[in-house]
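The values are calculated or read from the model by the stated rules, or taken from the named source; none is laboratory data. These numbers were taken from a predicted model, which means no experiment stands behind them. No Cβ is skipped: glycine too gets one built from the backbone with ideal geometry, and neighbour counts run over all protein chains shown. Note: accessible area is taken over every heavy atom of the protein model, side chains too, but ligands, DNA and RNA are not part of it. Shrake-Rupley method; radii C 1.70, N 1.55, O 1.52, S 1.80 Å.
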Amino acid sequence: MKGNMQNMDLTIPKLIEHAERYTSDTLIVSRETDNSILKKTTGECLNQSRKIAKLLQSLKVGKGDRVATIAWNNSRHFEIYFGVTGMGGVLHTINPRLFPEQLIYILNHAEDKVVFVDDTFLPLIEGVQDHLEFSPVIILMGPKKEINFDIKNLHFYDEMVEQSEPISDWVEVDEGDAAALCYTSGTTGNPKGVLYSHRSTVLHTWASGNALRFDTTSSVLPVVPMFHVNAWGTPYAALMTGCKLILPGQALDGASLFELISAENPNILMGVPTVWLGLLNYLSEQNLTLEGVDSVMVGGSAAPLAMIKEFNEKHNTFLVHGWGMTEMSPLGTMNLQTKKMKELPNEERYELQTKQGYPLFGVEIKIVDDANNELARDGSAQGALLVRGPWIIESYFKSDSPAVDDEGWFDTGDVAKIFSDGCMQIMDRSKDVIKSGGEWISSIDLENAAVGHPDVEEACVVGVPHPKWDERPILLVICKGDLDKESINEFLGDKVAKWWLPDDIIKVDELPHGATGKLLKVELREQYKEHLME
Ligand code: ADP
């Protein structure tokens, strides 16, 4: 027997209407590209979104057409998010840190009709425009001004939006229609497009907004960029919950972030570990502390134990570890503070916090061996991490083949353990795990242990060929002062198994990072492939 309830489509236009009606006076604070701080209400921003929707219609953008942004976290970007998705268009956020060839590939593949761009990124557009198979309308996000670049088809946001009428009704869409498009950064091969639907976005928003405890009393600083996986869904969650948003623009250094935090008092921060490293270093140099920040949500790479401890002990802030990926909208698991955790002594709790946590309701996870047999959830077996759920990819944009197996499981490319209580721990990317004499060494664990050493600023562990053990780890470090291998080895001695200790420690001046801030280990493996063979 079927239930008798209604089947309302879950769409972003409905989400916008909800916010317009009930939380339109919520504040959005934004550091603009000229570095000024702008304060607007959600209602004011969404009124601009209505004008953008009409403007896009006048530019012949229809339902399902892609509209790109290359922009920082700022108020205009927020307005575009909802102007595009509210009129049935597909919001395509582009990561400006991609290589120009990848940008060209993405713009051609997505066939973007319009590209909104912050002036920081005009040189990027100038560099790629002649390689595009289509000629999109380029809209500079700001007032009309003289510019020093030769850009075709260029218009100015403020002028165009001001002249546009607001759309009277948001466009009706089906919940299965596409709403947003993000490309993976593709360290090998071309980037792949992940096409979110209205439904998947709304469901992800419900789950993440709830889990992150967003409500009308909260104030959230997403340092995680709106150009990469929709800032982990924060703009949507802000509309659903009515929380205050603080958008940091392009000023992501410790001093600027602290200035914004002191002025606007967020109680929730969100970002990748490198950003927090910058902030923590600044705070420690200046002898400052954070006040009123309840939690800092960290994802994208593993948060080291030293960071978890420093946030807690110096700033009274709880670090919530989250894990996910572009193909998962992105949130899959979170390690929120539980009743059990609160009762634990600090050191035990920190250890638990290094794990990536428990699936949000809706996400299923399992680990499998090379033959696809499910492995035990015993905290000891480790294998390929597979996921499925209503905000997880089924197939890539414009691809005919599914990205999942017959039962809907998507292989994340991560290697993980699952503990008996369900807590998941990422051990490594499958391509980065070090296979030494048939046993596995987690490069992430070693790196995180190494950054706890007072002289180590950043650490990277890669597996390189070894005549006896197939592969052995070497540790590359950016360090303060001279390298003291003995002291680092001694420090690691009681944190990891003896046979995990790196075969060599090398001081480097810099480490290569990809478009999403992750270490590019492929290059380093190539560079050091002979290191232990000599
Ligand atoms: P990219 O474009 O770099 O793939 P994603 O955000 O999609 O960007 O990256 C997803 C990957 O990042 C995951 O598969 C995982 O390897 C890594 N990752 C994300 N969050 C964490 C975390 N909390 N701990 C460890 N690794 C993480």
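Residues of the range 54-78 falling in the label zone of Ile151, defined by backbone nitrogen less than 14 Å from a point 7 Å along Cα to beta-carbon, are 68-72, 77. For Arg388, the solvent-accessible surface with a 1.4 Å probe is about 70 Å², rounded to the nearest 10. Couplings 3J(HN,Hα) for the range 490-502, derived from phi with the Karplus relation 6.51 cos²θ - 1.76 cosθ + 1.60 (θ = phi - 60°), are 5, 4, 6, x, 9, 10, 9, 4, 4, 6, 8, 4, x Hz, where x marks Gly and Pro. Of all lysines in the structure, those lying under 16 Å Cα to Cα from Lys398, and not within fewer than 8 positions of it along the same chain, are Lys192. DSSP beta bridges confined to the range 40-198 are antiparallel in about 25 percent of cases. With Cα atoms defining each centre, the range 62-95 and the range 154-190 are spaced 3 Å apart in the structure. For the range 436-532, DSSP calls about 75 percent of its internal beta bridges antiparallel.
The simple spin-label model puts a point 7 Å past each Cα toward its Cβ; for Thr217 and Ala371 those points are separated by 5.5 nm. Per atom type, the range 394-534 shows carbon and sulfur on 47% of its accessible surface, probed at 1.4 Å. With R₀ fixed at 22 Å, the C-beta to C-beta distance from Phe258 to Gln337 puts the FRET efficiency at about 0.35. In straight-distance terms, cross-link reach from Lys529 covers every one of the aspartates and glutamates whose alpha-carbon lies under 12 Å from its own, apart from those fewer than eight places away in the same chain; here that gives Asp470, Glu471.
Measuring against 25 Å, Cα to Cα, the residue pairs Lys314/Lys495; Lys355/Lys495; Lys309/Lys431; Lys39/Lys63; Lys145/Lys244; Lys244/Lys340 contain Lys309/Lys431; Lys39/Lys63; Lys145/Lys244; Lys244/Lys340 as the ones spanning a longer distance. FRET efficiency for the Glu407 to Lys529 pair, using the beta carbon distance and R₀ = 41 Å, is estimated at 0.60. Applying both filters, DSSP loop and at most 14 other Cβ atoms within 10 Å, to the trypsin sites (Lys or Arg not before Pro) of the range 462-523 gives Lys468, Lys480. Taken per residue, the accessible surface of the range 252-427 reaches 43 Å², heavy atoms only and a 1.4 Å probe. Extension gain for the segment Asn346 to Asp169, taken as residue separation times 0.36 nm less the Cα-Cα distance, is 58.4 nm to one decimal. The 3J(HN,Hα) values that the Karplus relation (6.51, -1.76, 1.60; θ = phi - 60°) gives for the range 160-177 are, in residue order, 5, 5, 4, 6, 8, 7, x, 5, 7, 10, 4, 6, 6, 10, 8, 4, x, 5 Hz. Gly and Pro appear as x. Secondary structure note: in the chain, about 55% of the DSSP beta bridges are antiparallel.
Rounded to whole numbers, the Karplus 3J(HN,Hα) couplings from phi for the range 231-243 are 6, 6, x, 4, x, 5, 5, 5, 5, 5, 9, x, 7 Hz, using 6.51 cos²θ - 1.76 cosθ + 1.60 with θ = phi - 60°, and x at Gly and Pro. At an R0 of 25 angstrom, the distance between the Cβ atoms of Asn265 and Tyr22 translates into a FRET efficiency of 0.60. Using every pair of separate Cα atoms, the Kirkwood estimate puts the hydrodynamic radius of the range 434-527 at 13.5 angstrom.
In what order, largest first, do His109, His513, His131, His92 sit by accessible area if the probe radius is 1.4 Å?
Largest accessible area first, the residues go His131, His513, His109, His92.
Close amide-amide hydrogen proximity is noted between His513 and Leu520, each under 5 Å apart and 5 or more residues distant or on a separate chain (H modeled in the peptide plane; Pro and chain starts excluded). Contact order, relative form, for the chain: 10 percent (alpha carbon pairs under 8 Å, 6 or more residues apart, mean separation divided by residue count). Taking a straight line from the alpha carbon of Lys54, these aspartates and glutamates sit under 12 Å away, with near neighbours fewer than eight places off in the same chain left out: Glu162, Glu165, Asp169. From the alpha carbon centroid of the range 295-325 to that of the range 200-270 is 16 Å.
For the range 40-198, with all protein chains present and a 1.4 Å probe, just round the carbon and sulfur fraction of the accessible area to a whole percent. Taking all protein chains in place, the range 40-198 shows 47 percent carbon and sulfur surface.
Tell me, what is a quarter of the convex hull surface for the C-alpha atoms of the chain, in nm² with one decimal?
Values: hull surface 107.9 nm².
Value for the chain: 27.0 nm².
Under a model in which nothing but the beta-carbon of Lys, Arg (+1) and Asp, Glu (-1) is charged, the chain shows a dipole of about 1140 debye around its Cα centre.
Taking all protein chains as they are arranged and a probe of 1.4 Å, the heavy atoms of Phe99 leave approximately 120 Å² accessible to solvent.
Accessible surface area normalised per residue over the range 434-527 is 49 Å², counting heavy atoms of protein chains with a 1.4 Å rolling probe. Surface analysis of the range 40-198 yields an accessible area of 39 Å² per residue, using protein heavy atoms and a 1.4 Å probe.
For the range 453-519 versus the range 387-436, the spacing of their alpha-carbon centroids is 27 Å.
In the chain, the calculated helix contribution to ellipticity at 222 nm averages -9000 deg cm²/dmol per residue, counting -39,500 (n - 2.57) for every DSSP H run with n ≥ 4.
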